[in-house]
Structures are given as structure tokens and as C-alpha cells.
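The values are calculated or read from the model by the stated rules, or taken from the named source; none is laboratory data. All figures in this text were calculated on a predicted structure; none of them were measured in a lab. We place every Cβ from the backbone using ideal geometry, glycine too, and count neighbours over all the protein chains shown.
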Amino acid sequence: MITNNELGWNFDNSYTRLPNEFFTKTNPIPVSDPKLVILNDSLAQLLGLDVTELMNHGVEIFAGNRIPDGAEPLAQSYAGHQFGHFTMLGDGRAVLLGEQITPDKARFDIQLKGAGRTPYSRGGDGRAAIGPMLREYIISEAMHSLRIPTTRSLAVVTTGEPIYRETELPGAILTRIASSHIRVGTFQFITGLGKIAELKTFADYTIDRHYPNLRDADHPYLALLREVIKRQASLIAKWQLVGFIHGVMNTDNMTISGETIDYGPCAFMDTYDPETVFSSIDTGGRYAYKNQPYIGGWNLARFAESLLPLLNENEEKALQLAQDEMTKYIGIYREYWHDGMREKLGLFDQEEADQDLIEELLELMKRNQLDFTNTFVALTFDTLENIKGCRTDDFKKWYDKWKERQNRQTRSTEEIHELMRASNPAIIPRNHRVEEALDAATEGDYSVMERLLEVLKNPFEHTPEQEAYANPPEPTNTPYQTFCGT
Ligand code: AMP
Ligand code: MG
């Protein structure tokens, strides 16, 4: 029998010490024939886990068939606005094994997604299919390499059991790692129950876990709101700067830590078009690329509402405090976004007219149907002549203006190039490449996915191997569509 020490588990499950409302103890439901599909070696090491032992014995744990010593499995309670409609939810197909304390004393949730029915499953089967779980693995790891805060993926196993969606699919479980799974929806849940003492306990818990320096603030709960606004503004700016479309920005899919969570119908934009929507269920375009910053604000307003009872005893005063913070959100977002855009354009300092320069570029990219990622790469390496839509007169005019602006800085050409290189990824997980990898994986061939994961690891290195993966898909008449895959 393999012991905990040999595998490296070191659990301390603070969530279990919260009031009962926040979770239900639930074990994962064992599966018949689990097989390890992929293990994230470097993440396992970071967590303090033994990679060799995990390769040999981890599959039973990642499948939920064996509970490691010290784990205390539970399903979390939460609520959420889904496409604007409030619902009581909870982990319907995920089980939190516990919190791993790493050798560096960091705390990470270890969650099995697709681990079977829980008390929150409603009509669902509690399971997940291999395609969506590998999709989350690929995209979350790509986001991490793009330096965007995100939950991460430690492993995927197949269960040996079919699941039934439109068709029969192989079942799979993803082991998801997060600095926590506390969501806007968790706050909505407890406030929605009218349990104010528990709300306070939970807000204190969240502050201790994510923002310990706020403990001594004059007004810790207002400071918490302010911090979460900042983190989310920064996160969404990062999404916009790489063309990432989350696709299902419901309040249950927004973390308090500021990590990207729940890779369902998400996808990266190829051709720049602010209206881009990939999700088949987002018929109104609520979560379109251009709307993400505003939806972020809408979700944060729901967070602020949940905190109202802690902001002031007087309802009106509480509302005023919350509104004062909320009105700052879009300005904070714009500043992060402008800073990021300036870096993408090799600008170290600020000028008033930068905003116009940026807007004009985006307008040209839209009009000339330019690829978002590759245009910035071409600007970085001065290879615009290779891109058809950049050889137009209006683009050249913009280019000259941009060069003039760059040259007004007291920075060397090398410095400018280095800044751009470090700010413009050579590759993103292109939809057609992800699909290609998932199609092969569903047939049992994981090599296509492994190669893709390898090239996605260092997006800012701009290596020759990445070039083939940088091509946008061939033009087609059928727009790319993503599905929740639940
Ligand atoms: P998501 O769309 O993945 O953010 O999930 C929204 C809610 O539906 C969450 O409460 C999930 O736990 C639940 N859910 C999603 N898929 C399933 C499933 N197959 N079985 C049970 N619950 C599910
Ligand atoms: Mg979710």
C-alpha cells in the first residue's frame, strides 16, 4: 500500500471548518476502469507531489476510487446568475478532495471535476466527457503560460464508463487546481439565505485566504470589494489583450481570487471582431468579446450587493459605499487595458493621443479582417508585408504614426522590441488546433494533444516550431461554435 508520504499529499482542509451551509461532505463515486490520460509533471512538482509515484498510483486517486489520507471530500454550495437569472447551484459534478499545502506553504484546492453525482446535481449525471475535460486542460495550461491568472489542470483520467449527451462519449475526470473555488456566487448564496453571521464568517475566511493584508484595513469588507474589483479588472483586461472569450461569465464562474475559472464554451478569437461569440447557447451575444469588461462590472455589482450587510448597518449608506466603488471599476479596467495595449505596441510611457492610436489600429484590424494575434506578432517583428490586409494605404499611414510615436521615447530599438516580444504571444491555442487534438484524443491518440501542449508552453519565445501552430484556420463558411459540454 502506497502511503501519503510517498505521494506527497499534505492536506489542511480549512473549508471543512466553515459553517455547514457552505458544503456537503460527499465522496467521489468510484468508476470501473480508470486510465491516466495525462499528468502535469511540473504542476505536480510545484504542489509537492511525487511524479513517479503519481504515474504509478495516482490514477485511482484522480478517478475518485481512492481517497488519499488527509483528504475530506466535499461538494461546495453556491448560487449564481446564469445569463442574468439567479439560481441556487453548488458542485453538481465536482468534489473538492481538500487543500494541499505545498512545500512553499501555498494552499491549493484539489478538485475532481466529473466525479459523479452530489447533493447539488439536480437532473445531471455528475459526469463529464473526455473532450471538454481535455479542452479545459489545454486551455487552462495555455492561459497559465500566457501569464494569465487561472485555475490549472493536474491530470485527466478516463473512467472506462460511457456518458450520454447527444451521443455516447467516453467519461473522464479532470483534477483541477485552484487557489480556491470561492466565487461571486458563493457570496450570493449565503446572503441569499439571509445568513448574515455566516456571511461575515465567510468574508473573514476569504480575506484570510486571499487578501490577508486587508485584515487590518479600516474597513476590511469594503477593502475586499475594492481588491476584488481590481483583480477582476486586471484579469479581464488580460483576456481582452490576447483575444480570449470566456463564453459563460455567469457569477458562479467568477472567482474572488481573480483566477479564470470554468473553461466551458471558451475560445480564442482569430480574426479581430469585437462582436465575436463562440458559444452555441449565447444567442443574444451577452458574453461576446466586446461585452466581457461590462459583464465583469455587472458580476461585480452582484458581489457588492452580497456584501451590503457588512458594509454598513444603514442600508442607504451601505449602498452608497458599494456604488462609489463600483463606479470606479470601468476606469480601473481601462487603465489596465491601456497599459497592456501600450506594451503590445512597444510604448513605455504614456501620451494623451495613445488612446486614439490604439483605437485606430483596432478599427483597421476590424475593417481589414486581420488576425488578432498575428498582427501584433507582425508589428513586433516588422513583418507586416507578409499580411495582405496590412499593405493598404491607411494601414501604412497608421504605421508611420506609430513609428513616430515609438521614436519619441528615449528607448533603444532593442528595448522596444523586447517589450513587444514579451507582450505579444507567438501562439494561442487556436480553435482548429484544439479541435484536432481533441478529435485524435477521443479516438485514443494523445500524441496530437501532447505536441500542441508542448508548443503552447512558451508563447513568448517565438520559436520556429511554433510557426505552424500560429496559422489561422482556412476560411470557412461555418463559424466556429463551442458547446458547454456538460
Ligand atoms: P457550469 O456550466 O459547468 O458552470 O455548471 C453550472 C452548474 O451546473 C454547476 O452547479 C454544475 O455543478 C452543474 N452541472 C454541470 N454539469 C453537470 C452534470 N453533468 N451533472 C450535474 N451537475 C452539473
Ligand atoms: Mg461553473
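Tabulated data
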{"read-out": "Identity of the residue in the stretch 166-212, within 16 Å of ligand 1 (Cβ to nearest atom) and charged (D, E, K, R), that ends up modelled with the lowest pLDDT", "value": "Glu166"}
{"read-out": "Filtered residue count, the stretch 15-34, keeping only those that are in contact with a helix residue (DSSP H, G or I) (Cβ under 7 Å, 6 or more places away or on another chain) and more than 15 Å from Glu198 (Cβ to Cβ)", "value": "1"}
{"read-out": "Any hit, the stretch 200-212, residues being part of a helix (DSSP H, G or I) and within 27 Å of Thr373 (Cβ to Cβ)", "value": "no"}
{"read-out": "Output for the stretch 249-261, where each listed residue is near ligand 2 (Cβ under 10 Å from one of its atoms), more than 11 Å from the chain's Cα centre (by Cα) and assigned to a loop (DSSP other than H, G, I, E, B)", "value": "Asn250"}
{"read-out": "Hits in the stretch 141-170 (condition: closer than 22 Å to His432 by Cα, touching a Leu at 6+ places or on another chain (Cβ under 9 Å) and surrounded by 24 or more Cβ atoms within 10 Å (Cβ to Cβ))", "value": "Ala142, Ser153, Val156"}
{"read-out": "Selection within the stretch 136-177 - part of a helix (DSSP H, G or I), small (Gly, Ala, Ser) and in contact with a strand residue (DSSP E or B) (Cβ under 6 Å, 6 or more places away or on another chain)", "value": "Ser140"}
{"read-out": "Residues that are closer than 21 Å to Ser145 by Cα and in a helix (DSSP H, G or I), drawn from the stretch 24-74", "value": "Asp41, Ser42, Leu43, Ala44, Gln45, Leu46, Leu47, Val51"}
{"read-out": "Residue check for Ile281: touching a residue at least 40 places away in the same chain (Cβ under 8 Å) and surrounded by 19 or more Cβ atoms within 10 Å (Cβ to Cβ)", "value": "no"}
{"read-out": "Residue pairs meeting the criteria (Cβ under 7 Å; at least 6 apart or on separate chains; first on the phi > 0 side of the Ramachandran plot, in the stretch 240-266; second within 10 Å of ligand 2 (Cβ to nearest atom) and of a type in the set (A, V, I, L, M, F, W, C))", "value": "Asp262/Val248"}
{"read-out": "Residues located in the stretch 60-96, provided they are within 16 Å of ligand 2 (Cβ to nearest atom) and closer than 16 Å to Thr26 by Cα", "value": "Ala75, Gln76, Ser77, Tyr78, Leu89, Gly90, Asp91, Gly92, Arg93, Ala94, Val95, Leu96"}
{"read-out": "Hey, Arg226 within 17 Å of Glu305 (Cα to Cα), among the charged types (D, E, K, R), more than 16 Å from ligand 2 (Cβ to nearest atom) and outside any loop (DSSP other than H, G, I, E, B) or not", "value": "yes"}
